[in-house]
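Scroll down for the structure; my scribbles are underneath it.
The values are calculated or read from the model by the stated rules, or taken from the named source; none is laboratory data. Remember, predicted model here, so these are calculated numbers, not experimental data. Reconstructed Cβ throughout: ideal geometry from the backbone, glycine too, with neighbour counts over all protein chains shown. Ligands, DNA and RNA are excluded from the accessible area calculation, which covers all protein heavy atoms including side chains. Shrake-Rupley method; radii C 1.70, N 1.55, O 1.52, S 1.80 Å.
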Amino acid sequence: MTVTQPNPSAAGSGAVVAAPLPESPVVPISPWGRAQPRLGDRVFRRLAQASGVLVVVLIAAVGGFLLLRALPALKRNRENFFSYGGNWVTTDTSAMHFGIFDLLQVTAFVSLFALILAMPVALGVALFITQYAPRRVAGSLAYAVDLLAAVPSIIYGAWGLYVVAPQLRPVATWLNQTLGWCFLFATGNASVAGGGTIFTGGIVLAVMILPIITAVTREVFVQTPHDQIEAALALGATRWEVVKTTVLPFGRSGYLSGAMLGLGRAMGETVALLIILRGTQAAFGWSLFDGGSTFATKIAATAAEFEDQFKAGAYLAAGLVLFLLTFLVDALARGVVVGAGSGSSR
């Protein structure tokens, strides 16, 4: 392609000459008339697809391994695996007796108790960091909260049993004496003054899941459209009214999804609860002052029995239920985000 431009040597004569334009790069065209992506784009796309497939394969492999190793023990189980509430007996591998009912109750109870404690605190911290605190203070506070996730579980467990439990002993005793008529605060099968109860374990677990919920909520609150905030301020709204009318409605889905992720983290916690909770032979009675075992603590506490495939299979069956339970909770969190996103786009 050429263009014409004046010839300086022929000034006044009106003569023009043709000057070629720089050629644009040739983009390969597919037989269907669409431009084909470059080699780097194709390689990156394939690598991204392979990474996604690898994650799915790994998850399926973990589930398949647990199922295959659990089937031999399930065939020798003489009880209903989903409703048996007695003791876990695997000494005689020819006639085993085990079920997940008690483990499921304790896991759900301590996880929900920790979630109820952590959600309001996480919401308050996220709002303070994003809406109220000065920038320098907000950065330092966010960093400090994120550091809680770096503390090892064994440190949390020792801290909960030897530091938190003695400090909470007067509170636990008062709750038991004042509200003992309610099953939640009744005298459980563990000593109220001992500290190794769901009450102590749930409080420590709430501290452990606080960084997850706070981080997710904070990142969502930061993305609140500034034009909405400025419009509310221009109409004379106070800071709390801005938070109530713009920030909270916009970040509700992120807050709930962060809570679900925290719940999944709480259900899988092992070492901290293993140190705090004290297993008992009495049935779990839905009291905060009960002891007991969760899925994770039961498996970790009996790792010495894993030399036998049938004994190990019984605990791997419980691990399979925990795997499916956490997968369901994470899928629910994802569904909350997707549902909220599709609802806001209408």
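Hey, got the dipole for region 100-341? About the Cα centre, +1 on K and R Cβ, -1 on D and E Cβ, debye to the nearest 20? Write out the running numbers ahead of the final one.
On the way: 12 positive and 12 negative charges, 91 e Å.
Here region 100-341 has a charge dipole of around 440 debye.
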How far apart, in nm, are two points set 7 Å out from the Cα along the Cα-to-Cβ line at C182 and at A237? 3.4 nm
Cross-link reach list, aspartates and glutamates versus K298, counting only Cα pairs under 17 Å and skipping chain neighbours closer than eight places: D102, E269, D290, E307, D308
Set the Förster distance to 51 Å, then compute FRET efficiency between R135 and F82 from the Cβ-Cβ distance, nearest 0.05. 0.45
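Rank L235, L117, L54 by accessible area, highest first, at a 1.4 Å probe radius? Please report the intermediate quantities before stating the final value.
Working: L235 155, L117 65, L54 100 Å².
From most exposed to least exposed: L235, L54, L117.
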The simple spin-label model distance between Q49 and Q223, using points 7 Å out along Cα→Cβ, in nm, is 2.7 nm
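What does the extension gain come out to for A283 and Y162, with contour length at 0.36 nm per residue minus their alpha carbon separation? Present the calculation step by step, with values, prior to reporting the outcome.
Numbers: separation 121, 0.36 × 121 = 43.56 nm, distance 2.57 nm.
Taking 0.36 nm per residue and subtracting the Cα distance, the gain is 41.0 nm.
Say R0 is 25 Å: what FRET efficiency, to the nearest 0.05, do A95 and F65 get from their beta-carbon distance? Don't skip to the answer; put the middle values down first.
Numbers: r = 26 Å, r/R0 = 1.02.
Using R0 = 25 Å, I get an efficiency of 0.45.
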Heavy-atom accessible surface of region 100-341: percent carbon and sulfur, 1.4 Å: 68 percent
I'd like the Kirkwood hydrodynamic radius of region 100-341, using the inverse of the mean 1/r over distinct C-alpha pairs, in Å. 19.5 Å
Rounded to one decimal in nm, the spacing of the 7 Å Cα→Cβ label points at R38 and V121 is 5.1 nm
Using packing as a proxy for protection, rank 224-230, 303-309, 66-72, 212-218 so that the peptide with the highest average count of other Cβ atoms within 10 Å comes first. 212-218, 66-72, 224-230, 303-309
